[in-house]
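To keep things clear, I will list the structure first and then write my remarks on it.
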Amino acid sequence: MNLNLKELAVPIVGVILLAVALVIPNTMIAYGISLLIAIAALFRPKQAILFLLIYFPLRSFLIEVSPGLKLVGDLIIVFAFLRVVWDARKDWKSIFRFEIFEWAFIAFIIMGTVSAFLSDVILSAIIFQIRAFVIMFLLLYTVKRLDITKRDIMNFLTVTLFVTVVLIIQGLVEKLSARSLLMPEQWVNRQLSKNNASRIYGLVNNPNVLAVYLTISGILIYYLKTLLPKTKLQWVLNLVLVVLAGTWVLTYSRGTWIAFIIGIVIYFLFTRNWKFVLKSGLAVALGFFLITTPVTKLAQWISANTEVSEIVRTGTPETDPAFAIESSRIKETFQSDTFEKSKTTGRLFIVYKGLEIFKRYPIIGTGFGTFGDSASKVYSSPYYSHYDIQFNIYSDNQYIQVITQTGVVGVILFAVFLLGMLVLFWKRRKLSDKAIPMLAMLISVYWCGIIYNIWEDKTFTMYFYILTAVFLAYTSKKKEELQ
C-alpha cells in the first residue's frame with residue numbers, strides 16, 4: 001500500500017486544522033478553518049472529497065467539541081460542485097445531464113418544497129430539510145463528473161481503513177470504560193436506557209449509524225484486501241476485519257444486522273460467490289468469540305472492580321454476557337406490552353399518525369418540515385398540535401415520512417428514484433462486476449428505510465452516492481467505448 005502524501009495533502013492538512021479547532025474551540029477559528037478547507041476544494045476537489053471520509057463519520061464528535069465546525073462538510077461539497085460546474089462551462093448541456101432516477105429525485109425535492117410553502121412552513125425549516133436531502137446528492141453530481149482513477153480509488157479505500165480503525169479503537173475504549181473515556185463530557189454524562197447503555201455509540205454518536213458505517217467500511221476493506229499483493233499486510237487487514245466484526249456486534253443494531261443478511265443473500269443469489277459469504281460469516285463468528293465476548297466480560301469486570309461509572313449489566317452470571325442484552329432486546333420486540341407501547345408512543349404510533357395526516361392531504365402531502373424529518377425535529381411542525389404529536393419526534397421510517405409529506409405524487413417520484421437506481425444497476429451488470437454488489441446494497445437499504453430515516457443519514461449517503469457516482473462514471477465510459 002504505497003501512499004503518495006501529495007495526493008493526501010488536503011486530508012492531512014485538514015486533520016491538523018481540525019485538531020487545532022478541537023484544542024482551541026473558538027467559533028471564529030472554526031469558521032476560518034471551515035472556509036480554508038472549503039477553498040481547497042476549489043483547487044483539489046478529489047482530495048477534499050477524501051477529507052469528507054474523515055469529517056462526516058466524526059462530525060457529531062467534532063461539533064460537540066467545536067460547534068463552529070458544523071458547516072465544513074457542506075462547504076466542501078458546495079465548493080467542489082462549483083468547481084465541476086465551472087470546468088463544464090464550455091459544454092453547458094452536460095451540466096443538466098441526469099439519469100432518470102436523478103430527475104425523479106429533483107422533482108421529489110421540488111414537490112416537497114412547494115407543498116411545504118402551501119402549508120405555511122417557515123422558510124428556515126424548508127431550507128433545513130432541503131439541505132438534509134440535497135447536500136449529498138450534490139456529491140453524487142460532483143464525483144460523477146470528476147476523472148476518478150484507480151489511484152483515487154486506492155486513496156478512497158485507504159482513508160476509509162484509517163478512519164475505521166480510529167472508530168473501532170474509540171468504540172472499544174468506550175465499552176471498556178463504561179462510556180467514561182475518549183468522549184466529550186456531555187456524552188459521558190448522558191443518561192441512557194438500560195438496553196442502550198450496553199451499546200457502542202462511537203464517535204458518530206449513534207449505534208445504528210455506527211453499525212451502518214462499519215458494514216460499509218468492512219466491505220470496502222475486504223475489497224482493498226483483494227487489490228493488494230499477498231503480503232503480511234493481508235494479515236493486518238484480516239485482523240482489522242475481525243475486530244471490526246466484533247465491534248459491529250457490540251452496536252446491537254438489529255436493523256443493520258438484518259440489512260446485512262439481506263444484502264448477503266441477494267449478492268449470493270446473483271453471483272453464487274459462496275467464498276465471500278463464508279468469509280463474511282467467519283469474520284462475524286471470530287469477531288464475536290474473540291472480541292465481543294471478551295470485551296463484554298472485561299467491561300463487566302472493570303465495572304465491578306474499579307471506580308469507573310456504573311455500567312448496566314448485560315446478563316446474569318449464568319448467562320453469556322455477550323448474548324444476554326441482545327436476547328433481551330429480541331424478546332422485548334415480540335412482547336405484547338412492547339407492541340402496545342409502540343402503538344401509543346413508538347414507531348407504530350408515528351405510522352398511524354402519518355397515515356392519519358395523509359388521509360387528509362393525500363395528493364401532495366403537507367410538505368417538508370411537517371412530519372418526522374430533520375427540520376420538524378428542530379423547528380417543530382404546524383400540524384403537530386392538531387394531531388396530538390409531541391414536538392421532537394423523528395419518524396425512524398423514511399417511507400411514512402415521504403407518504404405524509406409528499407402524498408401520492410411524492411411517493412411515485414421517490415419510488416422512481418429508488419427503483420430507477422435498481423434498474424440502472426441491473427442493466428449495467430455486464431459492464432461492471434460492481435453492479436451486483438451495488439444492487440445488493442440498494443436492496444438492503446430498502447429495508448433500512450423501514451426502520452431509519454436512512455436517506456438523511458450523511459455518513460451512509462456520502463458513501464452510497466460516491467460509490468454510485470464512480471459506478472456510473474465507469475460504466476458510462478465503458479458504454480461509449482463499446483458503441
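The values are calculated or read from the model by the stated rules, or taken from the named source; none is laboratory data. Keep in mind the model is a prediction, meaning the values are calculated, not measured. Every residue, glycine as well, gets a Cβ built from its backbone with ideal geometry; the counts of neighbours run over all protein chains shown. Remember, those area values only see protein heavy atoms, side chains included, never the ligands or the DNA or RNA. Shrake-Rupley method; radii C 1.70, N 1.55, O 1.52, S 1.80 Å.
Remarks
- Contacts under 7 angstrom Cβ, first residue in the range 132-159 being more than 20 Å from Phe96 (Cβ to Cβ) and open to solvent by 10 Å² or more (accessible area, probe 1.4 Å), partner among the basic types (Lys, Arg) and in a helix (DSSP H, G or I), 6 or more apart: Asp152/Lys46
- Every pair of residues 6+ apart whose Cβ atoms lie under 6 Å, when the first sits in the range 466-481 and is within 14 Å of Met421 (Cα to Cα) and at pLDDT 90 or above while the second is of a type in the set (D, E, K, R) and open to solvent by less than 30 Å² (accessible area, probe 1.4 Å): Thr475/Arg428
- Total residues in the range 428-463, condition without any contact (Cβ under 8 Å) to a residue 60 or more places away in the chain, within 23 Å of Met154 (Cβ to Cβ) and either under 16 Å from the mean Cα position of the chain (by Cα) or open to solvent by less than 10 Å² (accessible area, probe 1.4 Å) (or both): 2
- Any hit, the range 58-65, residues being more than 25 Å from Arg151 (Cβ to Cβ), of a type in the set (A, V, I, L, M), assigned to a helix (DSSP H, G or I) and open to solvent by 60 Å² or more (accessible area, probe 1.4 Å): no
- Residues that are open to solvent by 30 Å² or more (accessible area, probe 1.4 Å) and closer than 15 Å to Gly14 by Cα, drawn from the range 66-75: Lys70, Leu71, Leu75
- Unmet requirement for Val121, which otherwise passes all of (1) outside any helix (DSSP H, G or I); (2) open to solvent by less than 30 Å² (accessible area, probe 1.4 Å); (3) without any contact (Cβ under 8 Å) to a residue 60 or more places away in the chain: (3)
- In the range 384-398, the qualifying residues are those that are surrounded by fewer than 17 Cβ atoms within 10 Å (Cβ to Cβ) and closer than 16 Å to Val351 by Cβ, and the one that is modelled with the lowest pLDDT is Gln390.
- Failed item, numbered, when Ser381 is tested on (1) within 21 Å of Ile261 (Cβ to Cβ); (2) open to solvent by less than 20 Å² (accessible area, probe 1.4 Å): (1)
- From the options Ser444, Ser476, residue that is among the polar types (S, T, N, Q), assigned to a helix (DSSP H, G or I) and more than 22 Å from Leu53 (Cβ to Cβ): Ser476
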